Amino acid sequence: MLLGSIPWTGLITVFLIIVIVVIFASGVVIVQPYEQGLQIRLGQYIGRMNPGFRWVIPLITRVVKLDLRTEVMDVPRQEVITKDNSPTNVDAIVYVRVIDPEKAYFEVMNYRSATVALAQTSLRGIIGDMELDEVLYNRDIINARLRDILDRETDAWGVKVERVEIKEVDPVGPVKQAMTEQTAAERERRAAILRADGEKRSAILKAEGKRQSIILEAEGERQSKILRAEGDRTSRILQAQGEAQGLRIISVGSRPLDRRAITVLSLDALKQMADGQATKIIFPFEVSTIVKQAAEYLGATVEAPEVPEGTEVPPEDILGEIPSREELRATEEAAKVPDIDIEKEMQKKPKNLVEEEEEKEGL
């Protein structure tokens, strides 16, 4: 009997040792660096437990670990009615962090679900006070207002709301279709404005080009008339000067002629006039006098006075200054039409246009 009882005693001892080790091991607690532990013994809060290896009294002590890192909470999608009665689906993201573990555990049953529910109700109230256009274009204002409300309300829970972001604003079907039509109409209006502005600019440029063309044509015509008038004036001056010099030469040459030479020249003029086909001839002088002079000349009844020797011939100064070949060539060169550079003329702007451009640049 003694030998049979020894194995049972050893087994019991081993079992008790294992139970003691297990109980002792259950009191070992490891708190991570980003966690904070709360020690509760027999329903009484004992205190915080810092990160590291800790041991508590097993079976009667419970340790609650809270994560102190920033958590991302997704606010579920919900339909909200805006101030202008436009139903809109809105969801958001909330970034929170536990700053007081005692409040986060003892003041609220589940700070995560409480924060999400508070975010939903606050978001519904904020968007309900705004019109749809404000909701679409003022998300930063919504984020700031929602963050302030959540941060103020969750302060009693030991939770800090760091950031709130509206993730999506999606109007319902009919509202979205109306917005699409409104956007299309706005784009068509802008396109019409741009087309009208382009046509206006094009018309202005065409009118400006036409005006510049007319001005250039008028300027060219004016210069052409000036040059033609200058050429005609120079030509008439030269022609009159030539005729005057010819008359002066004839006057100088006719001084020493006697009556017989004049008679011969008159008869020669009559001969040329008779060669024509005209039936009527008008003589600008008395023919009988010429015939008498010719008869006297032929009959030698009247002696023609001879030019006495030593008669002074008029000086050559009476002919005036005869232009040299160089002077005539210079006159021809001056009468030529200068070459006009069309490109430069096209680039010229009227004075008023230049002043307008300078005023625009000054502004």
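The values are calculated or read from the model by the stated rules, or taken from the named source; none is laboratory data. Please read these numbers as outputs of a predicted model, since none were measured by experiment. When we count neighbours, we look across all protein chains shown, and the Cβ atoms used for this are built from the backbone with ideal geometry, even at glycine. In case anyone asks, the SASA skips ligands and DNA or RNA and just uses the protein heavy atoms, side chains included. Shrake-Rupley method; radii C 1.70, N 1.55, O 1.52, S 1.80 Å.
Tabulated data
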{"read-out": "Those residues of the stretch 122-166 which are in contact with a Phe, Trp or Tyr (Cβ under 6 Å, 6 or more places away or on another chain) and touching a residue at least 60 places away in the same chain (Cβ under 8 Å), in sequence order", "value": "159, 162, 163"}
{"read-out": "Scan of the stretch 139-176 for residues that are within 20 Å of residue 77 (Cβ to Cβ) and out of contact with any strand residue (DSSP E or B) (no Cβ under 7 Å at 6 or more places or on another chain), ordered by number", "value": "145, 149, 173, 174, 176"}
{"read-out": "One residue from 118, 136, 123 being within 41 Å of the chain's Cα centre (by Cα) and either open to solvent by 50 Å² or more (accessible area, probe 1.4 Å) or not charged (D, E, K, R) (or both)", "value": "136"}
{"read-out": "Members of the stretch 82-134 found to be assigned to a strand (DSSP E or B) and basic (Lys, Arg), listed by number", "value": "97"}
{"read-out": "Pick from the stretch 43-63, criterion surrounded by fewer than 15 Cβ atoms within 10 Å (Cβ to Cβ) and under 12 Å from residue 101 (Cβ atoms), ranking: nearest to the chain's Cα centre (by Cα)", "value": "50"}
{"read-out": "Selection count, the stretch 157-190, where residues are at pLDDT below 90, open to solvent by 60 Å² or more (accessible area, probe 1.4 Å) and either aliphatic (A, V, I, L, M) or within 30 Å of residue 70 (Cβ to Cβ) (or both)", "value": "2"}
